[in-house]
Amino acid sequence: MTTANKINHTLAYKHYVEDQYFQEEQEKIFAKQWIFVGHASQVAKVGDFFTFEIANESIIISKDKEEKINAFYNVCPHRGTRVEKGKSGNKKVFICSYHGWTFKLDGSVNRAPNFDKESLGNHNCMTHINIEVFQSLIFINLDPNATPFQEEYKELVDSLKQYTFFDSLKSLRVTERVIDANWKAVVDNYLECDHCKIAHPAFAKTFDMENYNIDTFDRFTCQYSEMKQGDATDPAFFYWVWPNLMISVYPGEEGNITTSQILPIAPNKSLAIYSYFFSTDEITPKQQELIEFVDQVRSEDFELVELLQTGFHTRAFDKGIYSPTEHGLKEFHRQYRETMDLPGQ
Ligand code: FES
Ligand SMILES: [Fe+2]
């Protein structure tokens, strides 16, 4: 009895507010798990790069002369300065502004003034990071001993193989928003649709809420529902990928996806990066409609999660309880407990 009761309780609220857990998550989750950083179209040409912040690190993702996509720490091997200050662009070499070391597109030292290049040892390159590209989705893992992505996420890989159009997409719009809530609160919100009828009137009108499915798998969940309106016959699919990625696939002749990356900033603050991917060069009126629909649903969710976060500080309860249709959430919390080594919580 006691065990059953325990299982039906959510993650304790302290995990959403206390700095101790926030710091532990950086080490055990964001520095050890596979994290989605972007789409291959963001580094389409040789010299294209973008930077990405995770686990208190700045990372460079770049395409080198061999057309290989690399990921390495944005830290100068000379004395530790951040090398690339920009968010994205195209470069022939990366230049450290401190003593002028320059680096090739794969992170290796090009010039090191005052040094004999042969004498640099392992300081002859910015430190490489595990990277895997699957269906043009780029994942990195700061753990040098990480299990390969496609092995660890085998079930997800099998499921995403059906979307052959991922490779033809490019990001046509990116919006960023700081949310006053813990990153897990934002993920929790995505993982159930019990709130949809109340909070998302337009969404509830568009999708068949009586036949709304949430399937759970190893390290991901998939929600799907058919549309009640419009001419599309395929359902929309809403994937969540452990720990902090969401991929939505809406029906339509040409494929499209939207990705959401929820990045922790502080125990009560997160950065959400939303990217809209289409196969066209410009946003069509129909795509604009979809963007507005998705934005509307999101803004309804922001209000809810920020309201939720204010309650986590309460003395009234130390945790919540799951409804029978909040099993997606439950799976996320199970994976969280396992990764964070939380005994029997
Ligand atoms: S710290 Fe980068 S060149 Fe010296
Ligand atoms: Fe929602």
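No lab work stands behind these numbers, since they all come straight from the coordinates. Please read these numbers as outputs of a predicted model, since none were measured by experiment. As a convention, Cβ positions derive from the backbone with ideal geometry for all residues, glycine included, and neighbour counts pool all protein chains shown.
Numbers at a glance
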item: Integer Hz, Karplus 6.51/-1.76/1.60 couplings in order for region 136-144, x for Gly and Pro; result: 6, 8, 9, 10, 10, 9, 6, 7, x
item: Calculated from backbone phi, Karplus (6.51, -1.76, 1.60) coupling profile of region 269-276 in Hz, x at Gly/Pro; result: 8, 9, 10, 9, 10, 10, 10, 10
item: Label-point separation in nm, Q20 to T164, each point 7 Å along Cα→Cβ; result: 5.3 nm
item: Packing-based ranking, highest mean first, of 296-304, 133-141 given that Cβ atoms within 10 Å are counted; result: 133-141, 296-304
item: Free-standing Cys residues across the chain, given no other cysteine C-beta under 4.7 angstrom; result: C125, C222
item: Taking region 35-151 and dividing mean pair separation by its residue count, relative contact order in percent (alpha carbons under 8 Å, at least six apart); result: 25 percent
item: Across K87/K170; K63/K184; K85/K269, pairs whose alpha-carbon gap is larger than 25 Å; result: K63/K184
item: Helix axis angle, 327-339 relative to the chain longest principal axis, alpha carbon, degrees; result: 40 degrees
item: Chain lengthening between H123 and I95 when straightened (0.36 nm per residue, less Cα-Cα); result: 8.6 nm
item: FRET efficiency for Q296 and D116, using Cβ-Cβ distance with R0 set to 35 Å, rounded to 0.05; result: 0.05
item: Helical mean residue ellipticity (222 nm; -39500 (n - 2.57) per DSSP H run of 4+; nearest 500) of the chain; result: -6500 deg cm²/dmol
item: Neighbour-count ranking [beta-carbon atoms within 10 angstrom, fewest first] of C193, C125; result: C125, C193
item: Point-charge dipole on Cβ atoms (K/R +1, D/E -1) for the chain, about Cα centre, debye to 20; result: 1120 debye
item: Whole-Å distance, taken between Cα centres, linking region 196-220 and region 69-86; result: 42 Å
item: Footprinting exposure proxy for R79, R337 (fewest neighbouring C-beta atoms within 10 Å first); result: R79, R337
item: Cross-link pairs beyond the 26 Å C-alpha cut-off, checked among K28/K197; K68/K92; K28/K104; result: K28/K197; K28/K104
